[in-house]
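Each reported figure results from applying straightforward, stated rules to the coordinates on display, with no laboratory input. None of these values were measured; they are calculated from a predicted model. Glycine gets a Cβ as well: all are built from the backbone with ideal geometry, and neighbour counts include every protein chain shown.
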Amino acid sequence: MDLLFGRLHPLLVHFPIALILLAAAMEVVRIKWDRPTLAVLVSLLLATGAAGSLAASVTGWVFAHDYYPPPSEQWMLERHRWLGVTTTALAGIAAAAACRWSETRTGKERWLRSGLIWSAAIAVTVTAHFGALMVWGADFFDVIAP
């Protein structure tokens with residue numbers, strides 16, 4: 001059962017990535033046009049992305065018990081695992097901030113909310129990068145043959 005549960009990780013990671021990045025993009029739009037519907041959308045995207053990130057993190061930790069990268073790539077797995085935990089925490093905090101300060105007009109709270117959302121987007125991007133390195137290899141973009 002653990003083997004199947006862990007192997008759900010590659011299926012589950014794509015939704016939180018997309019949702020968190022879309023929430024960050026909508027937050028940029030929201031800076032230009034601050035509408036209540038955009039506030040609700042950003043909060044919903046982040047809450048769903050955070051929940052998906054939690055599911056991806058849990059299945060990823062289980063999956064890591066079945067994945068044995070070569071010793072030269074072990075550092076990627078460790079970095080990816082802990083970045084995943086960090087991303088999950090940041091996404092949850094950003095979702096809470098987006099809900100708590102959705103109607104704020106003060107500059108400090110607005111920039112704190114936006115900063116947390118963008119930090120979650122950066123974290124999910126870096127985490128996904130390390131996951132992709134493990135799947136596709138660090139030389140994936142090396143198109144010139146030796």
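What FRET efficiency, computed as 1/(1 + (r/R0)^6) with R0 = 30 Å and r the Cβ-Cβ distance, is obtained for Trp118 and Phe140, rounded to the nearest 0.05? Working from the Cβ atoms, E equals 0.70. Mean-square fluctuations from a GNM of the chain, with a 10 angstrom spring cutoff on Cα atoms, peak among Leu21, Leu41, Leu11 at Leu11. Among Ala95, Ala18, Ala120, the largest mean-square fluctuation in a Gaussian network model of the chain, built with springs joining Cα atoms closer than 10 Å, belongs to Ala18.
Highest GNM mean-square fluctuation among Gly49, Gly107, Gly115, for the chain modelled with Cα contacts below 10 Å: Gly107.
Relative to the longest principal axis of the Cα atoms of the chain, the long axis of helix 14-32 makes an angle of roughly 30 degrees. Residues in segment 37-52 carry Karplus couplings, in order, of 5, 5, 4, 5, 4, 4, 4, 5, 4, 5, 4, 5, x, 5, 5, x Hz; the curve used is 6.51 cos²θ - 1.76 cosθ + 1.60 with θ = phi - 60°, and Gly or Pro positions show x.
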